[in-house]
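Asks: Okay, here's the structure, questions in a sec.
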Amino acid sequence: MPLKTEPVTINLGPQHPSTHGVFRLKVTFDGEQIVDAEPVMGYMHRGTEKLAEERSYVQIVTLTDRLDWVSSMTNNLSYVRTVEKLANIDVPIRAQYLRVICSELQRIASHLIATGFLMQELGTFGGTPLMYCFREREKILDMFEMLCGARVTLSYMRPGGLIQDAPPEFWERLKIFTSEMPGYVDELESLISDNEVVLARTKNVGILSDRVAVDASITGPMLRATGVRWDLRKAHPYEIYNSLHFEVPIGSNGDTFDRYFVRINEIRESIKLINQAVEQIPSGPIRTEIPYFFKPPVGTAFSSVEAPKGELGFYIVSDGGISPYRCHIRSPSFINLTVLKDLLVGASMADLIVIFGSIDVVMGEVDR
Amino acid sequence: MFGFGLFKGLLITLKNLILPSRLFTTHQYPDRKVGPIELAKFHQDWQNTSFLQFLFNNPIKIIQSLLGLISIKDRYPQHSRFRGQEFGWYENRCTGCASCAKYCPLGIIKIETSRSGIDLDEGQKYKVDVFDIDMGRCMFCGLCVEACPYDALFMGSGFEESKYFRQELNIDIDNLKNNDTKPSNWFRPQLEGKNYDPRGSGPLEWNQVGRHEKPSDTEQASKWGKR
Amino acid sequence: MNFNNIQNLINTLIPSLPSWIVFMSAAIFISFFVINAVVMTGALTVWLERRLLARIQSRLGPNRWGPFGLFTPIADIIKMIGKEDIVPSTADKKIFNLAPIVLLVPVLLVFAVIPMSSNSFLGQLNIGILFIVGVTGFNTLAVFMAAWSSRNKYALFGAMRGVAMLLSYEVPMALSIVSVVLTTNFILNIEGSSLSALSLVGIVEAQRIPFFILQPLGCLIFVTAASAEMSRAPFDMIESESELGAGYHTEYSGIKFAIFQLTEFLAPVATAAIISVMFAGGIRGLSIIPGSISLIAKIFIIVLIFIWIRATWPRLRVDQIMNFAWKFLLPLSLINIFSQAVLLQIFLSSSSISNTELWIIAGINWIIAAVSIFILAKVFGHKGRAKNIPIPSPLANMEFKSE
Ligand code: SF4
Ligand code: SF4
């Protein structure tokens, strides 16, 4: 007697432990195999772009904190750089160094979260590596609290510089952090990369070819995992990245393991960058004073930075008023999600979670 | 491939289990379980006894603390720049200019002023009648504090202000006047220069928080006399 | 505490009772005692697991209620009892309500046959090991009952995986027990003991050197298969919380959920008891320590190891788990039985038995274990890249000016 089977459709989310927020995925399974996957977005749409049209240029900084809430620093940086480009504002050199230090710290924090949650989704009970990652991230957040009084929604940067200079205890903490962190990263890597179960679960799972990645304009660690050496910090150096030396780590075939591997190596590079920046940082002012309700000239500007998740760009149209006429956000999480279906079809249910976790999206940025 | 990595992982977790330096910097809040030594230290602050003396005097407490039954109230450690709830506001410094209300991205500060006489030196004076902050919507961005040109508004350092009803979150002017003003150092380099710690030190008066010292009478005279 | 003693006690207290009433009341007394002790052990395991996991993850863990948070499980249970007991309207109510009990009872039954002392009541059951294999097989049914009756797709997914996994791991588990019984039979025969080789007391009696030294391969297979049977890491497919929410008990709440939870924490204790009886010598130990205490110590150590493993290892995928069972554990357990039988036939055919011969067998077994694991891993192991070598892609490979 032939068995009569039929595909099962499951709504994964919007409330599901591993969808990183409210994300819905309509998946059709044939047994454990995925035959179709349709992402449904918009559960966290807060209208950031529209809200930006009613805020002054300084006030929008607080909105950018809430885009990708695990990397507020780079969101701030990308936005203020666009405004500076639009209004031709010069930034003092010390502020640029501090900006780079902060965004590299933020990159470490974000990559730690991505790695930890990937491991959580692989099923370490209670997420032991996740807790180790959180332990290190906590130190970074403590440093951010010293800089700007908040831990997650930072609003540290302003068009023209930074809100205030770093206190002396920040530099002491930073020194301790950069000296201890490489050891922890090594330990984390040997806990994860040598583990046969992790290798079995992640290697050759969710392979993204470089052709597809470039065609879909994937950026960030996900692109570099496919072997494409593309990093905005090298390709179009902004701030003072030109005077710092670092490598761009790449993977080999763009599978889940490579994405994790690239992130771990980027943490190492970020520590190197911070060390160089701390050595070179000059003293001086940290802010070019601009009026609060300043009016940039009529025109448009686009500028992007290498955020932890990929290329984060802001496109601002100014009509000469105190708030932008239009503010568009090119968010890496959203664009990286577009290849989800290509990765998922043919994989199994357990792979779904791992692949989704390795893309490392934050829903606030996807839905904006 | 042979499972060695699995055992390496076990060793790493064992290392993290054993080394006390690998613990989270967990802050037990609002009270903290303490062992005997910490308990003695805590009591020393107000009893001035050594640890052995303390042990001798309170054997029961020591046994209880060994069993993990004793907890002490603890201050949550935070940096002095922490942007918290309970805004600090100085009536004497505020001119009612409403810059803070204008700069707030959410527009949750409401200010009403009325004329209150004329000062011969400084011109028209205003009295602030209404100063409402709707804390239920505030996101503690601090833009209002950054905007205040007269150092009258400060971020607070508290974070324990949860209320049962949303209306209670509205801070009005009486509330602001009667609050203990322990301003946070955020965007106030003058306080940072004095090493002021809002969680440890006492409240500050209005004339202690300014960006500049009050000029002397002769200075004022020379400055204003030229006009 | 002996069954006969209690019967005598009841007889002396209330003379002239029919013997079946005496038997029944003694049995009820003992099972009341055992069940309460076991459930308390379960609650303690909850505390132990939470504390130890927390400490491994460099957290503090529950420390508020009572000394070191020891009363946390009680608070948990009170909370669970206070919650609303929801039965989904589309659920098959009878089976839905029955499933937690079907899951819990076998775990409790296992403790009946564990020999806590050399003359414990059911420890001498002459088919003790078969009883354990039979009774623990029930959890497959319970998992499927819970999932199917609750009409939830996630639960169904969990149960489908679970049934496949639990059934396939029964095979290597039973085969590894066979080699234990084989060895026991040989040794008991030579010693001229009257005990059955299938009874747990007999197995304990035969362990002059603990069986985990004598046959490491059997022990490894049994531990692996048993952790799959109780669906703990790295085989926690059934309720893989990051994928399926809570797996087969997604729809359960209140006291039923508490029973699932209790079973989940009792299962390692039961498994540890079986392992310590079968492979670690049970009540045998140092002669100065009473037997039951050394058994409890062994159980405790094995539970600690289970918790440690759970904290460290991620979960395997379902196809990898099946591959592992059929391609790795099954050949391994066949090798184990074969080598064990041959070795016993060669070394223990004489009428006397010496410890040196057993040590030689153990040595050869360790070598066989290492070699066979090596070969099987080479043949069936994951053939990934050992080192991650970056391969630059020709696309958009930017030229760096500075380099
Ligand atoms: S902290 Fe921000 S949101 Fe709150 S009142 Fe001030 S400006 Fe408005
Ligand atoms: S608090 Fe400051 S900004 Fe607000 S009205 Fe008073 S002086 Fe003006």
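Asks: Got a sec? Which of B:Ile108, B:Ile118 is within 16 Å of ligand 1 (Cβ to nearest atom) and out of contact with any helix residue (DSSP H, G or I) (no Cβ under 7 Å at 6 or more places or on another chain)?
Replies: When all the criteria are applied, what remains is B:Ile108.
Asks: Only one of (1) outside any loop (DSSP other than H, G, I, E, B); (2) open to solvent by 10 Å² or more (accessible area, probe 1.4 Å); (3) touching a residue at least 40 places away in the same chain (Cβ under 8 Å); (4) within 16 Å of ligand 1 (Cβ to nearest atom) is not met by B:Lys177, so which one is it?
Replies: B:Lys177 satisfies all of (1) outside any loop (DSSP other than H, G, I, E, B); (2) open to solvent by 10 Å² or more (accessible area, probe 1.4 Å); (3) touching a residue at least 40 places away in the same chain (Cβ under 8 Å); (4) within 16 Å of ligand 1 (Cβ to nearest atom) except (4).
Asks: Restricting to the stretch B:153-175, what's the tally of residues that are within 15 Å of ligand 2 (Cβ to nearest atom) and either more than 25 Å from A:Glu145 (Cβ to Cβ) or within 14 Å of chain A (Cβ to nearest Cβ) (or both)?
Replies: 6
Asks: Is it the case that C:Ile321 is free of Cβ contacts under 8 Å to residues at least 60 places away in the same chain and under 29 Å from C:Ala377 (Cα atoms)?
Replies: no
Asks: Then there's this: Looking only at the stretch B:1-44, count every residue that is open to solvent by less than 60 Å² (accessible area, probe 1.4 Å), outside any helix (DSSP H, G or I) and at the interface with chain A (Cβ under 10 Å from one of its Cβ atoms) and tell me the total.
Replies: 3
Asks: While we're looking at this one, here's another question. Which of (1) buried (at least 24 other Cβ atoms within 10 Å of the Cβ); (2) within 14 Å of chain B (Cβ to nearest Cβ) is the odd one out, the single condition A:Leu223 does not satisfy?
Replies: In the conditions (1) buried (at least 24 other Cβ atoms within 10 Å of the Cβ); (2) within 14 Å of chain B (Cβ to nearest Cβ), A:Leu223 misses (2) alone.
Asks: Whether any residue in the stretch B:132-141 is near ligand 2 (Cβ under 8 Å from one of its atoms) and either buried (at least 17 other Cβ atoms within 10 Å of the Cβ) or β-branched (Val, Ile, Thr) (or both) is what I want to check.
Replies: no
Asks: Are there helices (runs of 4 or more DSSP H) fully within the stretch A:248-359 with at least 3 residues that are under 22 Å from the mean Cα position of the chain (by Cα) and modelled with pLDDT of 90 or more? List them.
Replies: Per the criteria, A:256-280.
Asks: Separate question: So, in the stretch A:1-59, of the ones that are in contact (Cβ under 8 Å) with a residue 24 or more places away in the chain and basic (Lys, Arg), which residue ends up least open to solvent (accessible area, probe 1.4 Å)?
Replies: Looking at the filtered set, the residue picked out is A:Arg55.
Asks: Listed residues B:Val128, B:Val209; which is more than 14 Å from ligand 1 (Cβ to nearest atom) and more than 17 Å from the chain's Cα centre (by Cα)?
Replies: When all the criteria are applied, what remains is B:Val128.
Asks: Still on this structure: Which residue pairs have Cβ atoms under 7 Å apart, sit 6 or more places apart or on different chains, and have a first residue in the stretch A:158-173 that is within 8 Å of another protein chain (Cβ to nearest Cβ) and a second that is in a loop (DSSP other than H, G, I, E, B) and open to solvent by less than 10 Å² (accessible area, probe 1.4 Å)?
Replies: A:Ile163/A:Tyr156
Asks: I've got another one for you. Out of C:Ile129, C:Ile114, C:Ile77, which single residue is open to solvent by 30 Å² or more (accessible area, probe 1.4 Å), modelled with pLDDT of 80 or more and away from chain A (no Cβ under 14 Å)?
Replies: Matching residue, one of C:Ile129, C:Ile114, C:Ile77: C:Ile77.
Asks: Would you be able to tell me the number of residues in the stretch A:129-157 that are in contact (Cβ under 8 Å) with a residue 24 or more places away in the chain, assigned to a helix (DSSP H, G or I) and of a type outside the set (A, V, I, L, M)?
Replies: Total satisfying the criteria: 8.
Asks: Scan the stretch B:90-113 for residues that are of a type in the set (Val, Ile, Thr), under 23 Å from the mean Cα position of the chain (by Cα) and near ligand 2 (Cβ under 8 Å from one of its atoms) and jot them down.
Replies: Residue satisfying the conditions is B:Ile109 alone.
Asks: Next question, about the same structure. Here are B:Ser216, B:Ser184, B:Ser162: which of them is over 30 Å from A:Pro168 (Cα atoms) and at pLDDT 75 or above?
Replies: Among B:Ser216, B:Ser184, B:Ser162, only B:Ser162 is over 30 Å from A:Pro168 (Cα atoms) and at pLDDT 75 or above.
Asks: Test each condition in (1) under 28 Å from B:Thr25 (Cα atoms); (2) assigned by TED's automatic domain parsing to the domain that holds B:Asn179; (3) more than 16 Å from ligand 1 (Cβ to nearest atom) for B:Gly142 and report the one that comes out false.
Replies: Unmet condition: (3).
Okay, residues lined up against (1) surrounded by fewer than 17 Cβ atoms within 10 Å (Cβ to Cβ); (2) more than 14 Å from chain A (Cβ to nearest Cβ):
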site: C:Phe144; (1), (2): no, yes
site: C:Lys153; (1), (2): yes, no
site: C:Leu156; (1), (2): no, no
site: C:Met160; (1), (2): no, no
site: C:Ala174; (1), (2): yes, yes
site: C:Ile177; (1), (2): no, yes
site: C:Val181; (1), (2): no, yes
site: C:Leu188; (1), (2): no, yes
site: C:Gly192; (1), (2): yes, yes
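Asks: Quick check on the stretch B:142-153. Is at least one of its residues farther than 29 Å from A:Met157 by Cβ and hydroxyl-bearing (Ser, Thr, Tyr)?
Replies: Taking every residue of the stretch B:142-153 in turn, none turns out to be farther than 29 Å from A:Met157 by Cβ and hydroxyl-bearing (Ser, Thr, Tyr).
Asks: Give the residue that is surrounded by the most Cβ atoms within 10 Å (Cβ to Cβ), with candidates limited to residues of the stretch B:181-199 that are without any contact (Cβ under 8 Å) to a residue 24 or more places away in the chain and part of a loop (DSSP other than H, G, I, E, B).
Replies: By that ranking, first place goes to B:Lys194.
Asks: Quick check on this structure: which one of C:Ser292, C:Ser276, C:Ser287 is under 28 Å from C:Gln207 (Cα atoms), touching a Gly at 6+ places or on another chain (Cβ under 7 Å) and either within 14 Å of another protein chain (Cβ to nearest Cβ) or among the hydroxyl-bearing types (Ser, Thr, Tyr) (or both)?
Replies: C:Ser276
The values are calculated or read from the model by the stated rules, or taken from the named source; none is laboratory data. Just so it is clear, the structure is predicted and the values come from calculations on it, not from any experiment. Glycine also receives a Cβ, built like all others from the backbone with ideal geometry; neighbour counts cover every protein chain displayed. Heads up: the accessible areas ignore ligands, DNA and RNA and are worked out on the full protein's heavy atoms, side chains in. Shrake-Rupley method; radii C 1.70, N 1.55, O 1.52, S 1.80 Å.
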